[in-house]
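Input: a single structure, listed below in structure tokens.
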2 protein chains.
Amino acid sequence: MTDIAGQQKLRALDLDLRRRAAAVIPGGMYGHMSVTRLPPAYPQFYERSEGTTVWDVDGNEYVDFMCSFGPMILGYKHRRVEAAAAGQAAKGDTQPGPAPCMVELAELLVGRVAHADWAIFAKNGTDATTISLMIARAKTGRSKVLAAAGAYHGAAPWSTLRMDGVAPDERASLHYYEYNDAASVERAIEEAGAGEVAAIITSPFKHHAGFDEEEVDPAFARRLRALCDELGAALVMDEVRAGFRLNHGGSWEHLGVAPDLSAWSKAIANGYPLAAILGSGPYADAASRIFVTGSFWFQAVPMAAAVATLNALADEDAVAVMERAGSRLREGFEQVAREVGVPIRQTGPVQLPNLSFPGDTDFAKASAFSAAMLDRGVIVHPRHNWFLCAAHTDGDVDRFLEAAEDGLRAVLQCD
Amino acid sequence: MTDIAGQQKLRALDLDLRRRAAAVIPGGMYGHMSVTRLPPAYPQFYERSEGTTVWDVDGNEYVDFMCSFGPMILGYKHRRVEAAAAGQAAKGDTQPGPAPCMVELAELLVGRVAHADWAIFAKNGTDATTISLMIARAKTGRSKVLAAAGAYHGAAPWSTLRMDGVAPDERASLHYYEYNDAASVERAIEEAGAGEVAAIITSPFKHHAGFDEEEVDPAFARRLRALCDELGAALVMDEVRAGFRLNHGGSWEHLGVAPDLSAWSKAIANGYPLAAILGSGPYADAASRIFVTGSFWFQAVPMAAAVATLNALADEDAVAVMERAGSRLREGFEQVAREVGVPIRQTGPVQLPNLSFPGDTDFAKASAFSAAMLDRGVIVHPRHNWFLCAAHTDGDVDRFLEAAEDGLRAVLQCD
């Protein structure tokens with residue numbers, strides 16, 4: 001246990017940066033990486049990262065189980081990805097047009113993801129979900145979109161979960177269903193008007209931030225596909241969060257359910273900024289008619305990094321590696337919780353696990369756990385799912401489990 | 001002059017990549033870097049870039065007067081920017097939180113841009129314009145936004161200039177005025193309802209793609225400011241295209257007209273992917289209430305590159321350098337045109353010049369000019385303004401002027 005004085009000393013640079021940030025960044029920080037509402041032990045600013053290890057600006061070292069909220073799927077500074085990125089950077093990055101690796105990447109994705117016949121690249125996950133809906137609307141000539149209530153499909157006005165700054169009109173064409181509840185989808189279709197539905201957007205499993213995760217009911221997945229077929233609407237899969245962690249291709253391929261369009265980002269280039277919209281042949285013409293672009297969407301380095309990432313994921317059998325590490329963590333954690341005597345709920349796929357404590361509606365226990373884990377050099381978020389990556393070793397999981405004993409003892413003190 | 005057979009040989013790799021792209025990318029390419037509707041001489045894929053020189057995949061060399069449509073403001077592979085980016089990359093890029101350079105960059109921008117008291121960072125110019133409107137709406141509690149008809153403020157459904165894929169509701173809160181026409185702004189306010197206007201968005205000068213550029217009428221700029229003050233609405237300046245080419249701070253500072261919010265991207269990090277929203281103090285609280293974020297918005301490398309870019313722009317006196325090179329190009333080009341006997345119209349600031357030919361409504365002359373320039377190793381777009389950068393030398397301008405003589409002779413043959 002670090003003593004209080006020692007801890008304060010080790011946070012001086014972070015606190016100083018926070019003070020400076022508060023003067024020039026609204027609220028001191030914004031978005032999913034703001035720690036404003038997190039335990040004080042949570043560092044805001046980072047100095048360095050390598051493999052599964054990160055160092056905050058005060059030099060404190062952590063095993064990272066957030067993986068930058070998903071992008072790091074092979075670990076920080078993965079040799080093969082960095083080599084590909086450096087090789088492309090030596091030639092060019094943002095240029096007057098794309099580089100050959102753009103075509104290589106599109107071909108690789110079309111070969112990897114079963115439903116995909118083509119690809120469009122962008123920068124943000126939000127770009128990818130938004131463009132998927134634009135393509136669905138261009139194809140169908142309709143406006144309405146059905147989304148799961150509480151699902152996060154990005155931070156654009158149509159999708160953000162906080163209503164500040166959103167004009168009501170911008171969400172007027174959205175209707176909502178409950179994830180895994182087919183009857184609620186049918187009600188939403190009725191509400192929107194069957195002939196008006198351009199798309200149903202969904203995610204590989206239910207991963208609403210702040211809630212337990214829920215695997216998809218295969219019957220629900222099949223029903224979504226059947227409803228889209230009946231309506232002549234697009235089934236849009238938001239793979240931004242889960243993509244390439246559950247499967248090397250699309251996340252529902254094992255169910256035999258193919259979307260028409262899918263939105264990818266986060267892990268696609270192991271931390272380099274890239275998003276992709278993948279689609280089936282019948283949607284190619286609509287995709288060619290919409291006008292979407294961005295100043296950096298043709299950047300070559302992230303595309304070269306994505307090619308290397310996809311190849312490394314396959315060669316390292318990354319999905320299996322993450323599943324194995326995640327299972328070890330889940331089982332070990334369950335045992336530690338039993339031993340310490342703290343009831344926990346671990347939900348969702350082991351590669352993107354979610355922890356909650358029964359009855360912990362104000363996240364007091366989750367915060368105490370996260371704070372204690374940070375003190376012991378392990379980063380886990382109190383209100384968001386965690387992410388495994390292919391670089392997590394048995395040693396990393398052991399470090400989690402050792403810390404978790406103290407983390408759960410901190411939870412005991414909440415009662 | 002290259003012979004036809006020689007030229008065809010030098011395009012083989014580009015044509016092969018285009019064939020492959022046509023199979024896996026809708027329409028073969030998309031967005032502003034698609035050459036589908038440009039002269040066949042226009043390369044689609046690039047291999048390498050350095051300073052103001054780029055090489056296409058067939059090894060053909062060009063002096064680039066498009067600067068990747070704006071991002072390259074110091075030239076490709078600028079030593080100081082690359083050193084800063086490499087230094088940060090060796091530490092970390094996408095990490096569990098931002099790096100110290102984020103604060104440094106926000107402080108630098110607040111010091112550089114007169115109206116700015118704070119900064120938020122994102123990836124796309126579209127992110128920056130969209131977030132500016134969200135902040136204006138959050139501050140005012142109103143929905144309506146006024147924009148100039150035909151202006152390009154990004155590729156989101158509310159802003160894209162092509163209606164395919166856009167649900168009418170998504171644009172219901174937009175009303176339009178004519179740039180430089182104060183009476184049309186007043187009509188738009190009446191149409192929207194004075195009490196409903198959250199923001200008026202505008203640009204430093206009129207730069208509608210496919211049209212002659214037009215400098216802002218200072219009286220129009222002042223009237224926009226006065227109207228926003230009367231309405232209690234935000235004046236939003238879209239600096240994405242012009243930012244840092246006309247002035248080291250905001251583009252209207254010489255007019256004494258300050259926006260409340262400004263949107264930046266393109267040139268801010270000399271090609272690294274970054275956007276910024278800058279705002280005045282009274283908008284900070286609203287900015288802290290909206291929820292916006294992106295998986296790569298806290299990437300450290302582009303922020304380190306932006307710090308180096310802003311410092312280099314100041315130290316190299318870049319605005320004056322671009323203005324001098326641009327003036328030399330404009331005057332020299334005018335003289336060449338007189339000599340060859342082709343009427344031309346050069347409009348807009350010399351750092352972002354626009355060329356058109358009187359009566360050339362189908363862009364046939366502009367295309368012939370662009371094609372001939374490409375044959376002679378100079379990249380200029382037939383339907384979009386060009387961009388000067390601080391690396392353009394007298395030699396580059398001379399190469400433009402020599403090529404322009406042949407370019408204009410090709411135009412003569414259009415009649």
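Would you be able to say whether some residue in segment B:88-111 is surrounded by 23 or more Cβ atoms within 10 Å (Cβ to Cβ), acidic (Asp, Glu) and within 9 Å of chain A (Cβ to nearest Cβ)?
yes
Would you check which residues across segment B:138-151 are assigned to a loop (DSSP other than H, G, I, E, B) and in contact (Cβ under 8 Å) with a residue 60 or more places away in the chain and list them?
Within segment B:138-151, B:Arg142, B:Gly150, B:Ala151 meet the criteria.
Going through segment A:261-273 one residue at a time, which ones are assigned to a loop (DSSP other than H, G, I, E, B) and more than 8 Å from chain B (Cβ to nearest Cβ)? Steps first, answer last, please.
Within segment A:261-273, the first condition is being assigned to a loop (DSSP other than H, G, I, E, B), and the residues that meet it are A:265, A:270-273.
Selection gives A:Asn270 alone.
Working only within segment B:174-192, note down all residues that are in contact with a strand residue (DSSP E or B) (Cβ under 7 Å, 6 or more places away or on another chain), of a type outside the set (D, E, K, R) and over 21 Å from A:Ile290 (Cα atoms).
Of everything in segment B:174-192, those that are in contact with a strand residue (DSSP E or B) (Cβ under 7 Å, 6 or more places away or on another chain), of a type outside the set (D, E, K, R) and over 21 Å from A:Ile290 (Cα atoms) turn out to be B:His175, B:Tyr176, B:Tyr177, B:Tyr179, B:Asn180, B:Ser184, B:Val185, B:Ala188, B:Ile189, B:Ala192.
Can you find a residue in segment A:229-239 that is surrounded by fewer than 20 Cβ atoms within 10 Å (Cβ to Cβ) and closer than 30 Å to B:Val301 by Cβ?
Checking segment A:229-239: not a single residue is surrounded by fewer than 20 Cβ atoms within 10 Å (Cβ to Cβ) and closer than 30 Å to B:Val301 by Cβ.
Report yes if some residue within segment A:109-126 is in a helix (DSSP H, G or I), in contact with a strand residue (DSSP E or B) (Cβ under 7 Å, 6 or more places away or on another chain) and either closer than 25 Å to A:Glu213 by Cα or outside the structural domain of A:Tyr272 (by TED's automatic domain parsing) (or both); otherwise report no. Write out each step before concluding.
Taking segment A:109-126 first, the residues in a helix (DSSP H, G or I) are A:109-112, A:125-126.
If we keep only those that are in contact with a strand residue (DSSP E or B) (Cβ under 7 Å, 6 or more places away or on another chain) as well, we get A:109-110, A:125.
From what is left, the residues that are either closer than 25 Å to A:Glu213 by Cα or outside the structural domain of A:Tyr272 (by TED's automatic domain parsing) (or both) are A:125.
Yes, because at least one residue in segment A:109-126 is in a helix (DSSP H, G or I), in contact with a strand residue (DSSP E or B) (Cβ under 7 Å, 6 or more places away or on another chain) and either closer than 25 Å to A:Glu213 by Cα or outside the structural domain of A:Tyr272 (by TED's automatic domain parsing) (or both).
Among the residues of segment A:42-56 satisfying the criterion of being surrounded by 20 or more Cβ atoms within 10 Å (Cβ to Cβ) and more than 7 Å from chain B (Cβ to nearest Cβ), which is modelled with the lowest pLDDT?
A:Tyr42
Please give the number of the condition B:Asp212 fails out of (1) within 13 Å of chain A (Cβ to nearest Cβ); (2) touching a residue at least 40 places away in the same chain (Cβ under 8 Å); (3) in a loop (DSSP other than H, G, I, E, B).
For B:Asp212, the failing item is (1).
On the basis of being at pLDDT below 95 and not hydroxyl-bearing (Ser, Thr, Tyr), does A:Ala209 make the cut?
On the way: at pLDDT below 95: yes; not hydroxyl-bearing (Ser, Thr, Tyr): yes.
Spelling it out, A:Ala209 is indeed at pLDDT below 95 and not hydroxyl-bearing (Ser, Thr, Tyr).
Of all residues in segment B:249-272, which are buried (at least 24 other Cβ atoms within 10 Å of the Cβ) and without any contact (Cβ under 8 Å) to a residue 60 or more places away in the chain?
Those that are buried (at least 24 other Cβ atoms within 10 Å of the Cβ) and without any contact (Cβ under 8 Å) to a residue 60 or more places away in the chain: B:Ser251, B:Trp252, B:Ile268.
Does B:Glu196 meet the test of being among the acidic types (Asp, Glu) and either touching a Pro at 6+ places or on another chain (Cβ under 6 Å) or away from chain A (no Cβ under 14 Å) (or both)?
Criteria not met by B:Glu196.
Within segment A:336-345, does at least one residue satisfy the condition of being within 21 Å of the chain's Cα centre (by Cα), touching a residue at least 24 places away in the same chain (Cβ under 8 Å) and not assigned by TED's automatic domain parsing to the domain that holds A:Asn270?
Scanning segment A:336-345, I find at least one residue that is within 21 Å of the chain's Cα centre (by Cα), touching a residue at least 24 places away in the same chain (Cβ under 8 Å) and not assigned by TED's automatic domain parsing to the domain that holds A:Asn270, so the answer is yes.
Restricting the search to segment A:368-377, which residues are surrounded by fewer than 22 Cβ atoms within 10 Å (Cβ to Cβ) and either of a type in the set (Gly, Ala, Ser) or closer than 14 Å to A:Met66 by Cβ (or both)?
So the first thing to find is which residues in segment A:368-377 are surrounded by fewer than 22 Cβ atoms within 10 Å (Cβ to Cβ), and the list is A:371, A:375-377.
Selection gives A:Ala371, A:Gly377.
Name the residues in segment A:39-89 that are within 22 Å of the chain's Cα centre (by Cα) and basic (Lys, Arg), would you?
A:Arg48, A:Lys77
Can you tell me which residue within segment A:349-364, out of those that are polar (S, T, N, Q) and not in a loop (DSSP other than H, G, I, E, B), is surrounded by the most Cβ atoms within 10 Å (Cβ to Cβ)?
A:Asn354
Kindly check whether there is at least one residue in segment B:254-268 that is over 30 Å from A:Arg37 (Cβ atoms), touching a helix residue (DSSP H, G or I) at 6+ places or on another chain (Cβ under 6 Å) and at pLDDT 95 or above. Quick ask: steps written out before the conclusion?
Taking segment B:254-268 first, the residues over 30 Å from A:Arg37 (Cβ atoms) are B:254-259, B:266-267.
Checking the rest, the ones that are also touching a helix residue (DSSP H, G or I) at 6+ places or on another chain (Cβ under 6 Å) come to B:255, B:257.
Restricting the remaining residues to those that are at pLDDT 95 or above gives B:255, B:257.
Checked against the condition, which is being over 30 Å from A:Arg37 (Cβ atoms), touching a helix residue (DSSP H, G or I) at 6+ places or on another chain (Cβ under 6 Å) and at pLDDT 95 or above, segment B:254-268 yields at least one hit.
Does segment A:252-260 include one or more residues that are touching a strand residue (DSSP E or B) at 6+ places or on another chain (Cβ under 6 Å), hydrophobic (A, V, I, L, M, F, W, C), assigned to a helix (DSSP H, G or I) and assigned by TED's automatic domain parsing to the domain that holds A:Phe205?
Within segment A:252-260 (the criterion being touching a strand residue (DSSP E or B) at 6+ places or on another chain (Cβ under 6 Å), hydrophobic (A, V, I, L, M, F, W, C), assigned to a helix (DSSP H, G or I) and assigned by TED's automatic domain parsing to the domain that holds A:Phe205), the answer is no, since none of the residues qualifies.
Against the condition closer than 16 Å to A:Asp93 by Cβ and more than 8 Å from every other protein chain (Cβ to nearest Cβ), how does A:Ala305 come out, does it pass?
It is true that A:Ala305 is closer than 16 Å to A:Asp93 by Cβ and more than 8 Å from every other protein chain (Cβ to nearest Cβ).
Confirm whether A:Ala286 is in contact with a helix residue (DSSP H, G or I) (Cβ under 6 Å, 6 or more places away or on another chain), surrounded by 24 or more Cβ atoms within 10 Å (Cβ to Cβ) and of a type in the set (Gly, Ala, Ser).
Working: in contact with a helix residue (DSSP H, G or I) (Cβ under 6 Å, 6 or more places away or on another chain): yes; surrounded by 24 or more Cβ atoms within 10 Å (Cβ to Cβ): no; of a type in the set (Gly, Ala, Ser): yes.
Spelling it out, it is not the case that A:Ala286 is in contact with a helix residue (DSSP H, G or I) (Cβ under 6 Å, 6 or more places away or on another chain), surrounded by 24 or more Cβ atoms within 10 Å (Cβ to Cβ) and of a type in the set (Gly, Ala, Ser).
Residue under question is B:Ser173, and the condition is that it be more than 25 Å from B:Pro353 (Cβ to Cβ), more than 14 Å from chain A (Cβ to nearest Cβ) and touching an Asp or Glu at 6+ places or on another chain (Cβ under 7 Å); does it hold? Can you show your working first?
Details: more than 25 Å from B:Pro353 (Cβ to Cβ): yes; more than 14 Å from chain A (Cβ to nearest Cβ): no; touching an Asp or Glu at 6+ places or on another chain (Cβ under 7 Å): yes.
No.
Looking at this structure, is B:Gly59 assigned to a loop (DSSP other than H, G, I, E, B) and either at pLDDT 95 or above or within 8 Å of chain A (Cβ to nearest Cβ) (or both)?
yes
Return the residues of segment B:112-150 that are surrounded by fewer than 24 Cβ atoms within 10 Å (Cβ to Cβ) and more than 8 Å from chain A (Cβ to nearest Cβ); say none if nothing qualifies.
B:Arg112, B:Ala114, B:His115, B:Thr140, B:Gly141, B:Arg142, B:Ala148, B:Ala149, B:Gly150
The values are calculated or read from the model by the stated rules, or taken from the named source; none is laboratory data. All values reported here derive from a predicted model rather than from experimental measurement. All Cβ positions, glycine included, derive from the backbone under ideal geometry; neighbour counts span all protein chains shown.
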